[in-house]
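The structure under discussion appears below in the form of structure tokens.
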Ligand code: AMP
Ligand code: ZN
């Protein structure tokens with residue numbers, strides 16, 4: 001999508017620290033990390049948010065990528081958190097669906 005920040009990262013029009021890529025997904029470091037490990041996993045297909053997913057099957061590759069990249073990054077032993085923010089109340093600021101993967105320290109619960 002022309003005016004989408006994350007589509008521009010996929011197209012390499014905006015730089016990002018890419019840590020993994022597949023046919024259907026991209027994983028890159030969050031520019032404002034909230035934990036020692038904080039990266040985003042996105043489908044290459046532009047979908048605005050989880051609330052805009054017509055067919056959940058389209059996210060299967062993204063889900064698989066989260067598991068795979070987290071394993072590659074050595075996060076399995078101590079664990080990690082996967083976060084998806086939806087819309088205004090969910091705190092979503094970029095309107096291309098993305099899953100935060102956070103780790104490197106014990107995370108607090110509940111979120112604010
Ligand atoms: P959310 O608030 O769930 O929509 O998350 C958007 C995330 O994208 C935030 O954690 C931002 O720090 C991150 N972000 C924004 N711009 C960039 C960028 N150019 N490269 C990497 N991460 C970004
Ligand atoms: Zn997009």
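Of all positions in segment 60-75, at least one carries a residue that is under 17 Å from residue 9 (Cα atoms), away from ligand 1 (no atom under 12 Å from the Cβ) and at pLDDT 95 or above.
No other residue among 86, 41, 94 is under 26 Å from residue 112 (Cβ atoms) and within 12 Å of ligand 2 (Cβ to nearest atom) apart from 94. Are any residues in segment 1-31 in contact with a strand residue (DSSP E or B) (Cβ under 8 Å, 6 or more places away or on another chain), within 12 Å of ligand 1 (Cβ to nearest atom) and closer than 27 Å to residue 77 by Cβ, and if so, which ones? Within segment 1-31, 16, 17, 18, 19, 26, 27, 28, 29, 30 meet the criteria. Residue count for segment 39-58, restricted to those that are touching a residue at least 24 places away in the same chain (Cβ under 8 Å) and in a helix (DSSP H, G or I): 3. Of 27, 16, all but one fail to be part of a loop (DSSP other than H, G, I, E, B), within 16 Å of ligand 2 (Cβ to nearest atom) and crowded, with 16+ Cβ neighbours inside 10 Å; the exception is 16. With the structure loaded, tell me whether residue 35 is farther than 17 Å from residue 97 by Cα, within 15 Å of ligand 1 (Cβ to nearest atom) and at pLDDT 95 or above or whether it fails that test. It is true that residue 35 is farther than 17 Å from residue 97 by Cα, within 15 Å of ligand 1 (Cβ to nearest atom) and at pLDDT 95 or above.
The values are calculated or read from the model by the stated rules, or taken from the named source; none is laboratory data. Worth saying up front: this structure is predicted, and the values here are computed from it rather than measured. For neighbour counting, all protein chains shown are included, and Cβ atoms are generated from backbone atoms with ideal geometry for every residue, glycine included.
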